[in-house]
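What follows is calculated from the coordinates using simple rules that are stated; it is not laboratory data. Quick caveat: nothing in here was measured; it's all calculated off a predicted structure. No Cβ is skipped: glycine too gets one built from the backbone with ideal geometry, and neighbour counts run over all protein chains shown.
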Amino acid sequence: MPQTEGARLFREAWIAGVQQHFPGEPKAGYVTPWEDTPQWERDAAGAVYAQVRQFIDISDGKTDRLSREQKGRFVALCWTAQMFKHFDAPKPGYVADWPELPSWQQETDADVFEAIEKPLT
């Protein structure tokens, strides 16, 4: 899958996860459609998609044995690296470690991993 399509898949999985797991009404930025997503965020989504895809590939598709938490942690860590890439001083919430993330975000990150993983395994 080309990187742009992968980035869109990432974003669509993120939006679906937010809509399922976020308590109440999410911030508009959490569910902004692809067409209105800022370029830095599109680039970050594409990079994380590529990292997850490569991780699945070099694991011979055995990532289906990982727990949801392990999958979500991987996405969260990759995303954190992108925040440091794109921002000199990212907001603390953008680079919070796994235990500090809200449960809705942990679940959404796991959903993103599984959306990328599903067609590959």
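Per-structure values
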quantity: Unmet criterion (only one of (1) surrounded by fewer than 18 Cβ atoms within 10 Å (Cβ to Cβ); (2) farther than 22 Å from Trp104 by Cβ) for Pro33; calculated: (2)
quantity: Region 2-37 - residue that is in contact with a helix residue (DSSP H, G or I) (Cβ under 7 Å, 6 or more places away or on another chain) and not in a helix (DSSP H, G or I) and, of those, nearest to Ala81 (Cα to Cα); calculated: Thr37
quantity: Positions within region 3-42 being under 14 Å from Ala115 (Cβ atoms) and in contact (Cβ under 8 Å) with a residue 40 or more places away in the chain, in sequence order; calculated: Gly6, Ala7, Leu9, Phe10, Glu12, Ala13, Trp14, Ala16, Gly17, Val18, Gln20, His21
